[in-house]
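Quick notes on the structure that follows.
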Amino acid sequence: MRYTYLNYPLRAKGFGVSKLFIYRMIGFLAFFGLLGLALATAIIALAPQTTTLDGEESNIRQLPTLSGNALNGNALTLPDDFTKDVNLVALPFDEEQQLEVLNYLPLFRQLESANERVGYYSVAPLPNLSPAVRLLVVGGIQVGLSDEAVRAVSMVLFLEDQEAFLTALDITDTEQMSVLVLAQDGRLLGVVTGNYTAENAEALQSIVNNALD
């Protein structure tokens, strides 16, 4: 009986090729691991920071101190940066409500132009989210809001304790946006809840008029 032995030249080098492959894979994994770490670090650095509320509990409903950057990039602290006696502050709690703020904008501008003691702002008091999601949220709002005057008075905040913020202003429903009417020191003078309607516009105008008297 005759036996034929097949000789595969690569068999002897097989272990060497496998080891090289493993080394390359380790190198790739290390490279992408470092790249991912660098990307995560950059996202954390670039993302809006979590906002911690300042101030003590009080029976007087008042806006807690809120510090952050307006959508135009400038630092903004409320109520410290209020320059008017009466301030309208829209509070949208999600993306749809953020768009609804734009429906209130003509009324805000009308009230501001009718009396130099009136100003307006928009503050989105969102819960704390991951850095990557924060960047996406703020980026999306910035793209959708091109009016520089509005960007200068608009903030998106990611609150460490959203519940404490809501309690301070006696807000019990985040399914609808709210519009606060605040004194220059942040005291709550009145609030209207819900999307823009003629009824809400009339209620806001009434609160503002009473505050100016």
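The values are calculated or read from the model by the stated rules, or taken from the named source; none is laboratory data. Values in this document were obtained by computation on a predicted structure and should not be read as measured data. Heads up, the Cβs are rebuilt from the backbone with ideal geometry, glycines too, and the neighbour counts pull from every protein chain shown.
Taking into account only those residues within segment 164-213 that are among the polar types (S, T, N, Q) and assigned to a loop (DSSP other than H, G, I, E, B), which is surrounded by the most Cβ atoms within 10 Å (Cβ to Cβ)? That would be Thr174. Looking across segment 137-147, the residues that are in a helix (DSSP H, G or I) and farther than 17 Å from Gly68 by Cα come down to Gly140, Val143, Gly144. Remark: pairs (first residue in segment 110-139, in the same structural domain as Glu163 (by TED's automatic domain parsing); second residue loosely packed, with under 14 Cβ neighbours inside 10 Å and at pLDDT below 90; Cβ separation under 7 Å; 6+ apart in sequence or on different chains) = Leu135/Leu46.
Filtered by the rule that a residue be more than 17 Å from Ala201 (Cβ to Cβ) and either at pLDDT 95 or above or acidic (Asp, Glu) (or both), segment 94-122 gives Asp94, Glu95, Glu96, Glu116, Arg117, Gly119, Tyr121.
Residue count for segment 98-122, restricted to those that are assigned to a strand (DSSP E or B) and touching a Leu at 6+ places or on another chain (Cβ under 6 Å): 2. Looking only at residues in segment 192-213 that are touching an Asp or Glu at 6+ places or on another chain (Cβ under 8 Å) and of a type outside the set (Gly, Ala, Ser), the one that is nearest to Pro64 (Cα to Cα) is Thr193.
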